[in-house]
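Worksheet: one structure, shown below.
Readers should treat all values here as calculations from the given coordinates under stated rules, not as data from a laboratory. Source: prediction; values computed, not measured. When we count neighbours, we look across all protein chains shown, and the Cβ atoms used for this are built from the backbone with ideal geometry, even at glycine.
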Amino acid sequence: MNVIEHYDKLIEENNDPVHDPKPLKDYMNQWDGQEFVDKMKLTDKKSVLEIGVGTGRIALKTAPLCKCFCGIDISPKTIERARDNLSKHQNIKLICDDFLTHNFDTCFDVIYSSLTFMHIKEKQACINKIASLLNCGGCFVLSIDKNQEKYIDMGERKLEIYPDNVADIKNYVLNAGLKTVEITQTEFAYILVVLQ
């Protein structure tokens, strides 16, 4: 199963983290809760890009704090759900496409991603593209899963992933001409703050 099929299927099963009960939301916050959002230092003057916007779970926290928000995701059904979940916000643009091949027409002050890099095999190319899309003085905030399993196993379906580790990400960042300024650990994740 590929990534698009996997996430489209989750939507068909009505799996939408935006509407999860509080205990599950608290669990997900272990990767990208308020501490993750605070590291972006968002203001109403900043433009923001989320790589792997999903159904808008994090965007609901970040979009109200910035001037303009752009979210990209590869799953058509996920983007449709995100449009519904984020419909009350006027400063949002959602794109259904592959981040690595999409031609953006603007740069951003803040780029962030959580639990998405595990789906990206060409991590250096991804970091290079992020570097090219950051405005001068821009910031990239990344949450990566500590789990090193090579598959997401959901019983009847299995999805291959490409686990991340901090040492490799730091090297990709350095190779792209960026610098890692902070690494924080939660129980399940590492959060990296990278500056241009």
Subject >> Positive dipole terminus of the range 116-196, leading residue within Ile152, Val173, Ala189 (C-beta point charges) >> reply: Val173
Original post:
Charges only on Cβ, +1 for Lys and Arg, -1 for Asp and Glu: so what's the dipole of the chain about the Cα centre, in debye to the nearest 20?
Top reply: 620
Original post:
Can you put Phe117, Phe69 in order, fewest other beta carbons within 10 Å first?
Top reply: Phe117, Phe69
**OP:** With 18 Å as the limit, write out which pairs from Lys61/Lys93; Lys77/Lys150; Lys41/Lys67; Lys41/Lys93; Lys67/Lys88; Lys41/Lys123 have Cα-Cα distances beyond it, or answer none.
**Re:** Lys77/Lys150; Lys41/Lys93; Lys41/Lys123
**OP:** Before rounding to the nearest 500, sum -39500 (n - 2.57) across all DSSP H runs of length at least 4 in the chain and divide by the residue total; then give [θ] at 222 nm in deg cm²/dmol.
**Re:** -8500 deg cm²/dmol
**OP:** Report the full-extension gain for the segment Arg157 to Asn14: residue separation times 0.36 nm, less the Cα-Cα distance, to one decimal in nm.
**Re:** 49.8 nm
Original post:
Between Asn171 and Asp38, what is the label-to-label distance in nm when each label sits 7 Å out along the Cα-to-Cβ direction?
Top reply: 3.3
